[in-house]
Amino acid sequence: MKIAIIGTGYVGLVTATCLAESGNDVVGIDKDASKIQVLESGRLPIYEPGLLELVQRNRRESRLRFTTDLAEGIRSAQIVFLAVGTPPGQDGAADLSSIWAVADALAEHLEGPKVLVLKSTVPVGTNRQVAERLAARTQVAVDVASNPEFLKEGAAVDDFMKPDRVVIGVRRPQVAEVLHELYAPFLRTERPFLVMSPESAEMTKYAANAMLATKISFINEMANLCERMGADINDVRRGIGHDARIGFQFLFPGAGFGGSCFPKDVQALMYMARSLDLPAELLEAVYRVNEGQKRVLFRKIQKHYGSGLADKTLAVWGLAFKPRTDDIRDAPALALLDALLAEGVQLRVHDPEAMPNVRAIYGDRLVYCDRPYGALEGADGLAIVTEWQEFRNPDFEIMRRLLRERVIFDGRNLYEPKTLAGCGFAYYAIGRKVEGN
Ligand SMILES: NC(=O)c1ccc[n+]([C@@H]2O[C@H](COP(=O)([O-])OP(=O)(O)OC[C@H]3O[C@@H](n4cnc5c(N)ncnc54)[C@H](O)[C@@H]3O)[C@@H](O)[C@H]2O)c1
């Protein structure tokens, strides 16, 4: 099939590449000329494991190309995907300005009938509004369908290639058939292709993210209680996770959830409820717990150093909002950096992939270290915010030698408190009772 994808960010680029990989003829369109230039030179504007090789192969085999020219890009496409950003606005509502801008541009340039698929996460009712907006501006027949995306950054290619399910919201069954044909190569292991109304599909995406965010805030609240009551959240987590009704997934306590989806989607859903005068008490609590959790590590640091904090130098490992991505949107690490900088703390930071994005915001207010151990040199302690695999088994002997004071503030519970105590470290984790702290 001939496909156009508008928006070549984390979702659009993965979608474009995976659809090209299954044999379609795909063009990725973006208004950001520098992004298109990078892609056309065979490089990636983002870090996503496994993606570069696929982009390069599909470009070589002429199934994938990129352009800034929307009119030309959509001309021969049968299906046009929208994967532009829908960031939170001032009031928490999803900012749909990119969706409207693209809809208007499409209306101007459409020459023949198309299926328009909204992959961006959009408030319930947006598909209908896009269809009405197009109908008011063009005579060309357009079917507007919803196809929310569930991929995880860091495992996006795998998630797209082997989805747990594909959700489609359509008004006409014929449109579902076209999309089923497109997705069939990814559903060979009997993965479900779920067809529903656009409204239900739009809501499915918000409900999924709200549920996952709820699990994280739940376990974080339990962790904070454990810590004060002398229990260990890791034991409690194991104790509940073996219950099949509860399970282990998304029940890891930490420094709060971040990223471009959970915080914004929880806020957008709260806003939708508010604008209908409906209660969203659970969502509000989930959001509030998370805002508090993003300060937990800072409070431990503040308590440890007391009034001497301003004179300290701290190392920070992990800046991306989660491992295996360079995405720092709403990352808990940034909340910690801001709080520490406001106290006058000197910071030596390391992240395997996210440092260019962090540098673009913080400039020379931070010292950027290429290696994790390099960040420890002359530091009075280490804070860990993102659980990159390479932080899990460090050489504690080297760390002992490099750190001026042997103290670790672990926002992801990577280590065994007993091991750390044995190596002479003061160790602060999340929801774990550690002798002496
Ligand atoms: N990132 C994720 O993990 C994820 C997962 C599921 C769903 N989503 C949703 O998918 C959507 C996209 O997310 P993302 O993380 O890929 O965003 P992103 O910011 O990485 O990418 C959006 C892209 O759209 C482009 N764009 C904006 N306006 C445009 C226009 N008028 N014409 C052409 N291009 C335009 C931007 O330049 C950018 O490259 C959002 O609605 C998000 O909520 C994201």
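The values are calculated or read from the model by the stated rules, or taken from the named source; none is laboratory data. Since this is a predicted model, take the numbers as computed values, not measurements. Cβ placement follows ideal geometry from the backbone for every residue including glycine, while neighbour counts extend to all protein chains displayed.
Any residue at all in region 61-72 that is among the β-branched types (Val, Ile, Thr), over 25 Å from LYS152 (Cβ atoms) and either within 12 Å of the ligand (Cβ to nearest atom) or assigned to a helix (DSSP H, G or I) (or both)?
Yes; the residues of region 61-72 include at least one that is among the β-branched types (Val, Ile, Thr), over 25 Å from LYS152 (Cβ atoms) and either within 12 Å of the ligand (Cβ to nearest atom) or assigned to a helix (DSSP H, G or I) (or both).
Which of the numbered conditions does GLN90 fail, given that it passes all the others? Conditions: (1) more than 13 Å from the ligand (Cβ to nearest atom); (2) touching a Pro at 6+ places or on another chain (Cβ under 7 Å); (3) under 29 Å from PHE262 (Cα atoms).
(2)
Could you please tell me which pairs satisfy a Cβ distance under 6 Å, a separation of 6+ or placement on different chains, a first residue in region 118-136 that is away from the ligand (no atom under 16 Å from the Cβ), and a second residue that is of a type outside the set (D, E, K, R) and not in a loop (DSSP other than H, G, I, E, B)?
ALA131/VAL144
Residues to consider are ALA201, ALA145; find the one that is under 17 Å from GLY12 (Cβ atoms) and among the small types (Gly, Ala, Ser).
ALA145
I'd like to check something: does region 32-40 contain any residue that is polar (S, T, N, Q), more than 9 Å from the ligand (Cβ to nearest atom), assigned to a helix (DSSP H, G or I) and surrounded by fewer than 18 Cβ atoms within 10 Å (Cβ to Cβ)?
There is at least one residue in region 32-40 that is polar (S, T, N, Q), more than 9 Å from the ligand (Cβ to nearest atom), assigned to a helix (DSSP H, G or I) and surrounded by fewer than 18 Cβ atoms within 10 Å (Cβ to Cβ).
Among helices (runs of 4 or more DSSP H) lying entirely in region 219-328, which contain 3 or more residues that are at pLDDT 95 or above and either aromatic (Phe, Trp, Tyr) or more than 25 Å from LEU340 (Cβ to Cβ) (or both)?
In region 219-328, 233-241, 262-275, 281-293 are the helices (runs of 4 or more DSSP H) which contain 3 or more residues that are at pLDDT 95 or above and either aromatic (Phe, Trp, Tyr) or more than 25 Å from LEU340 (Cβ to Cβ) (or both).
Assuming ARG188 fulfils every condition listed in (1) in a loop (DSSP other than H, G, I, E, B); (2) in contact (Cβ under 8 Å) with a residue 40 or more places away in the chain apart from one, which condition is it?
(2)
Taking the options MET270, MET211, name whichever one is within 16 Å of the ligand (Cβ to nearest atom) and either free of Cβ contacts under 8 Å to residues at least 12 places away in the same chain or more than 25 Å from the chain's Cα centre (by Cα) (or both).
MET211
Take the residues of region 137-164 that are basic (Lys, Arg) and under 22 Å from ALA20 (Cβ atoms): which is nearest to the ligand (Cβ to nearest atom)?
That would be LYS152.
Yes or no, residue by residue, for (1) surrounded by fewer than 16 Cβ atoms within 10 Å (Cβ to Cβ); (2) at pLDDT 95 or above; (3) in contact with a helix residue (DSSP H, G or I) (Cβ under 9 Å, 6 or more places away or on another chain):
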position	(1), (2), (3)
GLY85	no, yes, yes
SER97	yes, yes, no
PRO123	no, yes, yes
PRO148	no, yes, yes
ALA156	no, yes, yes
LEU179	no, yes, no
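Checking ILE240 against (1) within 14 Å of the ligand (Cβ to nearest atom); (2) closer than 30 Å to GLU291 by Cα, which test does it fail?
All conditions pass for ILE240, except number (1).
Six or more apart or on different chains, Cβ atoms under 6 Å: show the pairs whose first residue is in region 26-41 and under 19 Å from VAL11 (Cβ atoms) and free of Cβ contacts under 8 Å to residues at least 40 places away in the same chain and whose second is more than 10 Å from the ligand (Cβ to nearest atom) and among the β-branched types (Val, Ile, Thr).
Final answer for the pair search is VAL26/ILE3.
Anything in region 357-400 that is under 27 Å from PHE252 (Cβ atoms), of a type outside the set (A, V, I, L, M) and not in a helix (DSSP H, G or I)? List them, or say none.
Within region 357-400, CYS369, ARG371, GLY381, THR386, GLU387, TRP388, ARG392, ASN393, PRO394, ASP395 qualify.
Among the residues of region 233-261, what is the count of those that are in contact (Cβ under 8 Å) with a residue 60 or more places away in the chain and of a type in the set (Phe, Trp, Tyr)?
Matching residues across region 233-261 total 2.
For GLN346, which of the numbered conditions (1) within 16 Å of the ligand (Cβ to nearest atom); (2) among the polar types (S, T, N, Q); (3) surrounded by fewer than 20 Cβ atoms within 10 Å (Cβ to Cβ) fails to hold?
The one condition GLN346 does not meet is (1).
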